[in-house]
Amino acid sequence: MSALEQFAPLPLQESWDNAGLQVGLTEAEVSGALLCLDVTERIIDEAVRRGCNLVVSHHPLLFRGLKQVSDLTDVQRTVRKAIQHDVCVVSMHTNMDNAQGGVNFKMAEKLGLQGTVFMSPKRVGDVECGSGVIGTLKYPTTADVFLQQVKREFGVACVMCNELLDRPVLRVAICGGAGDFMLDEAVRLGADAFVTGEMHYHQYFGYEQRVQICVIGHYESEQFTTEVFRDIISARCPGVRTEIAETCTNPIYYL
């Protein structure tokens, strides 16, 4: 937990978030860490099966307060199962979104962006952080080729986008997850394309030939956060075995 929080301090999280320890005792000795995006009953089952008594997730298991721990909801059942099997759960959410080298920087790395910086930098204490990142491709490319690159690198079957840009794409802005709130900032900063996980229908209007909107799905945009977790733990806690979860927790299917 200390290693993760040194990389992405909890004060970097948004006021509405609930990052940090979710379930378990901090003095437990780690037998292995299972790294995932969401915590579900199947994730706890996988952790037990693979001999991991720690789950590190991006999305918090406990986002809203529980008034009972029974079996009425998926969250309650997951909490009970984690406690029954002595599995600790730690979540690094918007603090990891806002951290230098965090979720958005990993997305930028997958697209080969150069000179990546925060779109809206700020300081929390002595730590630089921010929402979204922006950088440049190695070479300018056409909009259709760029969209194919996005599909390939993130393993998605389709990209939701507005009309194809008729100028080259070079400067790319990124905000993983529900990042539509950064769209106007991307335009202000001169981005040719904006990649995010979710966007509302009406936000697609009015940006024709201003920026190439690329929406790839919430899960798909943040899927490589597990690699960030793995690199942090491997570097700072080399004795801890890390396993990237095989269970896909994406609740959305494309048929």
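The values are calculated or read from the model by the stated rules, or taken from the named source; none is laboratory data. Treat the numbers as computed from the prediction; the structure is a model and nothing was measured. Don't worry about glycine lacking a Cβ; one is built from the backbone with ideal geometry, like all the others, and counts go over all protein chains shown. Each accessible area value is taken on the protein alone, full model and side chains, heavy atoms only, with ligands, DNA and RNA left out. Shrake-Rupley method; radii C 1.70, N 1.55, O 1.52, S 1.80 Å.
Please list, by residue number, every one of the trypsin sites (Lys or Arg not before Pro) in the stretch 1-87 that is coil in DSSP and has at most 14 other beta-carbon atoms within 10 Å. Could you put the intermediate results ahead of the total?
Working: sites: Arg42, Arg49, Arg50, Arg64, Lys67, Arg77, Arg80, Lys81; in loops: Arg50, Arg64, Lys67.
Listed in order of number, the matching sites are Arg50, Arg64, Lys67.
Rg(Cα) of the stretch 73-126 divided by 2.2 N^0.38 Å?
It is 1.69.
What is the dipole size for the stretch 97-243, taken about its Cα centre, with +1 at each Lys and Arg Cβ and -1 at each Asp and Glu Cβ, in debye to the nearest 20?
Its charge dipole is roughly 380 debye.
With the cut-off at 1.5 for a/c, could you classify the stretch 190-252 from its C-alpha gyration tensor as rounded, prolate or oblate?
oblate
Using amide H atoms built 1.01 Å from N in the peptide plane, name the residues 5+ places from Gly20, or on other chains, whose amide H lies under 5 Å from its own.
When sequence neighbours closer than 5 places are left aside, the close amide H contacts are Ser91, Met92, His93.
Return one quarter of the surface area of the convex hull spanned by the alpha-carbon atoms of the stretch 54-179, equal to its mean projected area, in nm².
Mean orientational projected area (the stretch 54-179, Cα hull): 11.0 nm².
When DSSP beta bridges are limited to those with both residues in the stretch 165-255, what percentage is antiparallel, rounded to the nearest 5?
0
Quick one: with all protein chains in place, what share of the accessible area of the chain is carbon or sulfur, to the nearest percent (1.4 Å probe)?
Here it works out to 53 percent.
Check the straight Cα-Cα distances from Lys67 and name the lysines below 28 Å, setting aside those fewer than 8 residues away within the same chain.
Lys81
Indicate the gyration tensor shape class of the stretch 33-103 (rounded, prolate or oblate), computed on the Cα atoms with a ≥ b ≥ c the square roots of the eigenvalues: a/c under 1.5 is rounded; otherwise a/b larger than b/c is prolate and the rest oblate.
Because a/c hits 1.5 or more and a/b fails to exceed b/c, the stretch 33-103 counts as oblate.
Please return the longest stretch of the chain lacking exposed loop sites, where GluC sites (Glu not before Pro) count only if DSSP places them in a loop and at most 14 other Cβ atoms lie within 10 Å.
Details: sites that count: Glu14, Glu27, Glu29, Glu163, Glu208, Glu246.
So the longest stretch without any such site is 30-162.
Out of the stretch 1-102, which chymotrypsin sites (Phe, Trp or Tyr not before Pro) are coil in DSSP terms and have no more than 11 other C-beta atoms within 10 Å?
Answer by residue number: Trp16.
What lysines sit close enough to Lys122 to cross-link, taking a C-alpha to C-alpha distance under 26 Å and skipping anything fewer than 8 places away on the same chain?
The reachable lysines, counting only those whose Cα sits under 26 Å from Lys122, are Lys106, Lys110.
Accessible area, 1.4 Å probe, largest first: how do Tyr207, Tyr139, Tyr219 sort?
Details: Tyr207 25, Tyr139 155, Tyr219 50 Å².
Per-residue accessible area, sorted high to low, gives Tyr139, Tyr219, Tyr207.
If you restrict to DSSP beta bridges whose two residues both lie in the chain, what percentage is antiparallel, to the nearest 5?
Values: 19 of 38 bridges.
If we restrict to bridges inside the chain, about 50 percent are antiparallel.
If you restrict to DSSP beta bridges whose two residues both lie in the stretch 13-101, what percentage is antiparallel, to the nearest 5? Spell out each step's value before the answer.
Working: 3 of 11 bridges.
In the stretch 13-101, DSSP labels about 25 percent of beta bridges as antiparallel.
Using the heavy atoms of the protein chains and a 1.4 angstrom probe, tell me the accessible area per residue for the chain in square angstrom.
It amounts to 49 Å² per residue over the chain.
What translational diffusion coefficient, in µm²/s and rounded to a whole number, does the Stokes-Einstein relation yield for the chain at 10 °C and a viscosity of 1.306 mPa s, taking the hydrodynamic radius as the Kirkwood radius over Cα pairs?
84
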